[in-house]
1. Which of the residues spanning segment 333-385 are farther than 18 Å from GLN402 by Cα, under 20 Å from the mean Cα position of the chain (by Cα) and open to solvent by less than 40 Å² (accessible area, probe 1.4 Å)?
2. Given the conditions (1) closer than 19 Å to GLU431 by Cβ; (2) assigned to a helix (DSSP H, G or I), which single one is not true for SER319?
3. Could you figure out which of (1) within 19 Å of LEU64 (Cβ to Cβ); (2) touching a residue at least 60 places away in the same chain (Cβ under 8 Å); (3) of a type in the set (D, E, K, R) isn't true of ASP116?
4. What pairs can you find where one residue is in segment 576-593 and under 22 Å from ASN518 (Cβ atoms), the other is acidic (Asp, Glu) and not in a helix (DSSP H, G or I), and their Cβ atoms are less than 7 Å apart, with a gap of 6+ or different chains?
5. Which fully enclosed strands (runs of 3 or more DSSP E) of segment 515-611 have 2 or more residues being of a type in the set (Lys, Arg)?
6. Determine whether segment 24-41 contains at least one residue that is without any contact (Cβ under 8 Å) to a residue 12 or more places away in the chain and hydroxyl-bearing (Ser, Thr, Tyr).
7. Where in segment 33-148 are there helices (runs of 4 or more DSSP H), lying fully within it, with 1 or more residues that are in contact with a Cys (Cβ under 6 Å, 6 or more places away or on another chain) and open to solvent by 40 Å² or more (accessible area, probe 1.4 Å)?
8. Would it be correct to say that GLY574 is modelled with pLDDT of 95 or more and crowded, with 21+ Cβ neighbours inside 10 Å?
Amino acid sequence: MERCVAETPLLDGIDSPACLHSFSDVQLAHLAAEVRQRIIEVVSHTGGHLAPSLGVVELTLALLSTFDMGKDKLIWDVGHQAYAYKLLTGRAAQFHTLRSFGGISGFPRMAESPYDHFGVGHSSTSISAALGMALARDLSGLSHHVIAVIGDGSLTGGEAFEGLNLAGHMGRRLIVVLNDNEMSISPNVGALSLFLSRTLSKRWVRQTRREVLKFLRSIPRIGQKLAVYAMRGEWSFKSFFTPGMLFEAFRFNYIGPVDGHDIQALRRHLMAAASIEDGPVLLHVRTCKGKGYAPAEKNPTLYHGIGLFTPETGQPVPSTAKLSSFTSVFSNTLLEIAARNDRVIAITAAMPEGTGTARFRECFPDRFVDVGICEQHAVTFAAGLASQGYHPVVAVYSTFLQRAYDQIVHDVCLQNLPVTFCVDRAGLVGEDGATHHGAFDIAYLRHVPNMRLLAPRDEDMLRHCLNTALQLTAPCALRYPRGVGFGIPLTGDVRVLAPGMGEVMLEGTDVAVIAVGNRVHPSLEAAALVEQEAGIRTLVFDPVWLKPLPEAQLADIARRFSRILLVEEGVLAGGFSSAVLEFWNDKGLLCGQHIKRIGLPDRFVEHGSQLCLREHVGLRCKNIAEAIMALSIR
């Protein structure tokens, strides 16, 4: 069916953000409508982060029409909200390729555009990066502006506060725009707050304040005390009436809150922020997530990251898949186990829907904790619970668990505490790309002492792996992929798996395939294909346990087979196959076998559909079959 593309004459005429400097207020308002229309139309076909980007259209226009992006630097936090920015910085013609293989990324990326001043994808990094750029500017004797845009959700992350703390200490000229789309401030207090913060940020007020404090301090004997009392009075007055005292405590000049959908007001306040030269400024902007699209405004959580949908109705396009997802099987199994064991506690870092713990929150609210975007805190918090006899389950995406590596090592594994890490989105996640692929979890978990590591091959094995992990009195992680399972029936009661024991899925005599997790079933299909086409009989072995290794079974395979293929959807460098080769070498079992490994390469994999990316890196059934054939003729 031919796609209906709305006319966007103003947007189509923009070849660089500098064009916006000549736009009138009326033109900017019309352009905002066109930008929203284009975002909705494209994301309905590609999926993506719709509500966050719709919420900052006016803010983006205000930023681009106020600052010179040819020299000024703008850093988005996470980048969920950067679609309007991409459209207005020379990528409108390519925007239909959003998140597609070979197309533009769903996140800011330095290699994609000179206007993407810093690559992002994980939260709470913008202030730290912007402060580094501000120092570099000052050391280089330059004078441009550096602006960080951070959401109230990202501001919960510890790194954001570390950045605020150092920025206030250093006193560098820096603008932080707080995009607040959740904070509720009553209209009366909000109006008074706006008046006070604008007045208190004016240059003459700040100059008068400095002169008064200087005068008070000059009074013999009591001057310093008088200055302290004056500052305390000012702080009390401002903290009572404004939300800015927190940022003033970090030594930021605070302006706001400002209506984030009023372009004129935004430009006026951005120019005021740009005029402040004595230290960093925080501009507090209030926006509506999903602004301008009723379904997204009504349900911003659903439309934060949405798949395909019908633009006219906002209804998601029904999935053709009839199979259960790994995440839903995890969710159901956790509920079943928690109903029998009141020591099980679920923890997530701002991802209850994505990790499947939202239902746990409904059923066991006292045993559910969402810590916000604070993965480091989540892990140490879990360690504290585990030290007191509870068994916390930390449900987290593989890519985000990377942020808590030190806490995994020191707070959990060093103390051998029973924390179970349910590592969702392990392997290739698809359209979100390099910042979100779960490529490294095997490599960064397997070498930590006391850690156990399981890789369920399908949705039924996930049940048994989770039950096994929750029977342990030690740290354990289980990794499973994004998306649906393989249609394996969920039959019988959950069982406890014997540590360090894998399962032979298919007997064979010619080639051995050792496949990890979700690559087991494609390996079985490949084995059937090569037997049918070439008569090659392939053994397929699922190790189940990546740590401790199924050593006896692996040793038997090394002795019996001269041709061995290892398959994993994780990085080869330091991954599972590396562990197997180390074991075989240390036991003197390597004696001229032909061994091939396929997995993720030593480079960052781009964005695209999971099927497309697996074919790109050689991890689909046909690729495995080709590798078996190549080994068999050597």
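The values are calculated or read from the model by the stated rules, or taken from the named source; none is laboratory data. This structure is a prediction, so every number in the text was calculated from the model and none was measured. Methodologically, a virtual Cβ is constructed for each residue, glycine included, from the backbone with ideal geometry; neighbour enumeration extends over all protein chains shown. Remember, those area values only see protein heavy atoms, side chains included, never the ligands or the DNA or RNA. Shrake-Rupley method; radii C 1.70, N 1.55, O 1.52, S 1.80 Å.
1. ALA346, PRO352, GLY356, THR357, ALA358 - these are the residues of segment 333-385 that are farther than 18 Å from GLN402 by Cα, under 20 Å from the mean Cα position of the chain (by Cα) and open to solvent by less than 40 Å² (accessible area, probe 1.4 Å).
2. (2)
3. Every listed condition holds for ASP116 apart from (2).
4. PHE576/GLU568; SER577/GLU568
5. On the way: elements: 538-542, 545-547, 563-571, 594-600.
Passing ranges, in order: 594-600.
6. Let us first name the residues in segment 24-41 that are without any contact (Cβ under 8 Å) to a residue 12 or more places away in the chain, namely 24, 26.
Then drop every residue that is not hydroxyl-bearing (Ser, Thr, Tyr), which leaves 24.
Taking every residue of segment 24-41 in turn, at least one turns out to be without any contact (Cβ under 8 Å) to a residue 12 or more places away in the chain and hydroxyl-bearing (Ser, Thr, Tyr).
7. On the way: elements: 50-55, 57-66, 83-86, 126-139.
Counting at least 1 such residues, we get no helices (runs of 4 or more DSSP H) at all.
8. On the way: modelled with pLDDT of 95 or more: yes; crowded, with 21+ Cβ neighbours inside 10 Å: no.
Considered against the rule, which asks whether it is modelled with pLDDT of 95 or more and crowded, with 21+ Cβ neighbours inside 10 Å, GLY574 comes out as no.
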